[in-house]
1. If only one of LEU118, LEU70 is of a type outside the set (Val, Ile, Thr), over 20 Å from GLY148 (Cβ atoms), in contact (Cβ under 8 Å) with a residue 40 or more places away in the chain and in contact with a helix residue (DSSP H, G or I) (Cβ under 9 Å, 6 or more places away or on another chain), which one is it?
2. With ALA8, ALA91, ALA26, ALA85 as the choices, which residue is out of contact with any Cys (no Cβ under 9 Å at 6 or more places or on another chain) and modelled with pLDDT of 95 or more?
3. Any idea how many residues of the range 266-288 are closer than 23 Å to VAL407 by Cβ and open to solvent by 10 Å² or more (accessible area, probe 1.4 Å)?
4. Please find, among PRO68, PRO20, PRO115, the residue that is out of contact with any Asp or Glu (no Cβ under 8 Å at 6 or more places or on another chain) and on the phi < 0 side of the Ramachandran plot.
5. Which residue out of SER415, SER453, SER429, SER449 is touching a helix residue (DSSP H, G or I) at 6+ places or on another chain (Cβ under 9 Å), under 30 Å from VAL238 (Cα atoms) and hydroxyl-bearing (Ser, Thr, Tyr)?
6. Being surrounded by 24 or more Cβ atoms within 10 Å (Cβ to Cβ) and β-branched (Val, Ile, Thr) is the filter; apply it to the range 84-112 and report the residue that is farthest from the chain's Cα centre (by Cα).
7. Tell me, please, whether a residue that is over 24 Å from the mean Cα position of the chain (by Cα), open to solvent by 50 Å² or more (accessible area, probe 1.4 Å), closer than 18 Å to VAL110 by Cβ and in contact (Cβ under 8 Å) with a residue 12 or more places away in the chain can be found in the range 9-19.
Amino acid sequence: MNFRLSAAAAAAGGLLYASPFFPHSAEWVSQIAAFIGLAALLFSLREETSWKKASLLGFIFGLFAFTPGLSWLYQSLHDFGGLPALLSGAALLLMGAANSIFTALTAAAVSKVRPGPLRAAAAFPAAFVFFDWIRGAALCSFPWISFGYIQTGTPFEGFAPVGGVYASELAASLALGLVFATVLLRGSAKRQCACIAAAAALLVSGQALRAVSWTAPGESLSVRLVQPDLPLAGLSGVEPLSQSERISRAMRLSSPEGRPIADRTLIIWPESVINTSIQRLMPEEASLIRLPAPEKGTSLVLNAFWEPHPREFRNSLFLLTPGSDTQRYDKRHLVPFGEFVPPGFHWFVHALGIPMSDQTPGDRFQKPLYLPLQGITVAPMICYENSFGDELSDFWKDDGKSRMPNVLLVSSNLSWFSPAVQYQHLLFSRMRALETALPLISVNNNGASALISPRGVITYEAGLGPVSKDAVIRTADGGPTPYIRVGNAPAILLCILLFAAVFFRESRSKNKKTPTI
């Protein structure tokens, strides 16, 4: 096939692939577009045997997928960070190119398998998911624009409680590969039917798994979500709020005049209401933080920095409960450059003057937050941590003292980005709810605060502006899902075995000079 045609197909496929990562009124239409986009990449690679040309095609696909998909980075750098448009655009292009390395590696690996149905049906899906896992979880910790996250609402989401987001991604890409292989098997009706039957089996299996109740309904929990819409510090033309004003605004939304609060309500603040350490609050500022209606058993979750030693900062959540000691959770997975400085880059961060950019991560194993008045256990995440489902399993480590989580909580501040990142962040939240079969509460500074059911359905989502939302959610009881027990390992091992099986079978076929099926 003409290489220019292949390159055009890869570029068009990348654009289609990125479409469901933006807010849409018809989600299923954009999901179909992503499947078509991935099929376009497979089409461009179907006869390519040169690993160099294949790598270029994979890179082109990635560049046209990741660059628009990560366009919120431009808004963050230019609109909020004040970086010139040219530099912001260059940074976005560089980020797109960096992520495209992994689609290039996928294409290079696939080129080592002889063209044919096996390449489409097994080798391509296995390599695609494996390198997406390397990019998103194993090596780079950057799972944005991953195929698995747009399987929410499709039959393939049924695999999430069993094997996580990468199991859903593998099932979806295998089904796509099998359909594509059917086209390649011209004149072989029996094998075409076998491929279609296998793809249908994946669909039916996913749909059947969606019907499984992995947890049982638990106690009801009254919550009040506080979305304060605080201005971002340091923006030109924006009047900054003092620490007292920030706390006071959140307190007013926590206890609005004339609005009663239910007994034993959990009030939740987003990340960055308090943008310094608890230890550095002035006495008059600290005195503003109080429990509304403590006689009703109200609790409060708030975010601030914890400074156990001078200039050692941890991004933490604090649970305040009347009559109980304060509980604390320290963020474990930090954002590179934003929250910790990779070795050798301190000079860069110091030159930019990024505040709180060298934080200390929390311990891997921490107890979940426990609400003693409600008898409910909360597994907390702070913003970026919502991207890593396998790390949630640490909250299920039974030390004989901790209770198993009944609900997930995400506290974040995404105001530095465009609405697209809020939408993508909610895709992460929906997948975390599916993987754990637990309801999820997400509280953000401005927009996209949400409640999500154990089946990954958004039951409430806040718009922009200040919000104080009361709701009653049903928590979940029961043992951990299979995914919480085994993590990503089975899905990734299956990818390796699939690709190895095809690769070695093709190698034997070449040695025997026999045609492949």
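The values are calculated or read from the model by the stated rules, or taken from the named source; none is laboratory data. As the structure is a prediction and not an experimental result, all values here were calculated from the model. Every residue, glycine among them, receives a Cβ derived from its backbone with ideal geometry; neighbour counts consider all protein chains shown. The protein model used for the area step is the full one, side chains on, heavy atoms only, and it has no ligands, DNA or RNA in it. Shrake-Rupley method; radii C 1.70, N 1.55, O 1.52, S 1.80 Å.
1. Residue meeting the stated conditions: LEU118.
2. Every option except ALA8 fails the conditions.
3. 2
4. Testing whether each residue is out of contact with any Asp or Glu (no Cβ under 8 Å at 6 or more places or on another chain) and on the phi < 0 side of the Ramachandran plot leaves just PRO68.
5. SER415
6. Top of the filtered list is VAL110.
7. no
Here's the yes/no breakdown for (1) modelled with pLDDT of 95 or more; (2) more than 18 Å from SER100 (Cα to Cα); (3) touching a Leu at 6+ places or on another chain (Cβ under 8 Å):
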| residue | (1), (2), (3) |
| --- | --- |
| PHE142 | no, no, no |
| ILE145 | yes, no, yes |
| GLU157 | yes, yes, yes |
| ALA160 | yes, yes, yes |
| GLY164 | yes, yes, no |
| LEU170 | yes, yes, yes |
| LEU174 | yes, yes, yes |
| LEU184 | no, yes, no |
